[in-house]
Amino acid sequence: MIIGTFDTNLIPSTSIRDYFEEIMANYVDGHNRSAIVLLYSAVVTDIMQKLIDLRDGFNDASATSILEMIQSKKISNPKDPSWENDVVDEVLEKNIVDSVTVMKIKQLQQQRHLSAHPALNEDYELFNPSRETVYDYISFMYENLLTRPAPFLGNVIDKMTEDLSNHACCLETNPQSIEKRILEKYFNRCREKD
């Protein structure tokens, strides 16, 4: 579905695609606070889904360790939402997501806090982010996170090199299998722009 300049079919995850359509419906209707709150939730969910993809599809040790840490934290204190901060910090520390995207996610989180809690201005009115601010966050997250397949977050070359070296014993006997692996794991998941 194309909503304005956004083609939701470019979002690999069907659940994230549905959330994005809900975000856009709120934005189009002028519900800026709701759009920000939903966008932040979709971003955190998207990161978690991509970590699972990296763990399951690429045996990514960093993704595995982040998921284990988050799971442990959620089990030990199910009502503690600090794991959201931890996952964002960890994907930066482990180079899964670039620093500019993480900075923008943290700014979005602040907007989310202001939008979700009774943050009142001097006239005792609820905070309401501007339409331009909401569009900026939607556009940035769409381009830099939501539409990118898991292996295309962070440094793709390092991930591809590590993946190939981890499978070197299997691949060196059959050169065509190297090409096949690169095509299947990486290039077939590219969009034209990537």
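The values are calculated or read from the model by the stated rules, or taken from the named source; none is laboratory data. All figures in this text were calculated on a predicted structure; none of them were measured in a lab. When we count neighbours, we look across all protein chains shown, and the Cβ atoms used for this are built from the backbone with ideal geometry, even at glycine. Remember, those area values only see protein heavy atoms, side chains included, never the ligands or the DNA or RNA. Shrake-Rupley method; radii C 1.70, N 1.55, O 1.52, S 1.80 Å.
Values computed for the structure shown
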{"item": "Complete set of residues in region 121-142 that are open to solvent by 30 Å² or more (accessible area, probe 1.4 Å), modelled with pLDDT of 95 or more and not in a loop (DSSP other than H, G, I, E, B)", "result": "Arg131, Glu132, Thr133, Tyr135, Asp136, Ser139, Phe140"}
{"item": "Among the residues listed as Ile36, Ile96, the single one being among the β-branched types (Val, Ile, Thr) and modelled with pLDDT of 95 or more", "result": "Ile36"}
{"item": "Options Met69, Met1: the member that is open to solvent by 20 Å² or more (accessible area, probe 1.4 Å) and at pLDDT below 95", "result": "Met1"}
{"item": "Helices (runs of 4 or more DSSP H) contained in region 14-93 and holding at least 1 residues of a type in the set (A, V, I, L, M, F, W, C) and within 29 Å of Glu132 (Cα to Cα)", "result": "14-28, 32-58, 83-93"}
{"item": "Residue within region 91-100 that is of a type outside the set (Val, Ile, Thr) and buried (at least 20 other Cβ atoms within 10 Å of the Cβ) present", "result": "no"}
{"item": "Selected residue (criterion: farthest from Leu54 (Cα to Cα)) from residues of region 101-120 that are among the basic types (Lys, Arg) and open to solvent by less than 60 Å² (accessible area, probe 1.4 Å)", "result": "Arg112"}
{"item": "Which numbered condition Phe20 misses (of (1) in contact (Cβ under 8 Å) with a residue 24 or more places away in the chain; (2) surrounded by fewer than 19 Cβ atoms within 10 Å (Cβ to Cβ))", "result": "(2)"}
{"item": "Matching option when the condition is over 21 Å from Ile16 (Cα atoms), touching a residue at least 40 places away in the same chain (Cβ under 8 Å) and not acidic (Asp, Glu), among Leu126, Leu146", "result": "Leu126"}
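So that you can scan it fast, the table gives a plain yes or no per residue for (1) in contact with a Leu (Cβ under 6 Å, 6 or more places away or on another chain); (2) closer than 25 Å to Leu39 by Cβ:
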site: Asp53; (1), (2): no, yes
site: Asp60; (1), (2): yes, no
site: Glu68; (1), (2): no, no
site: Asp86; (1), (2): no, yes
site: Val91; (1), (2): no, yes
site: Val102; (1), (2): yes, yes
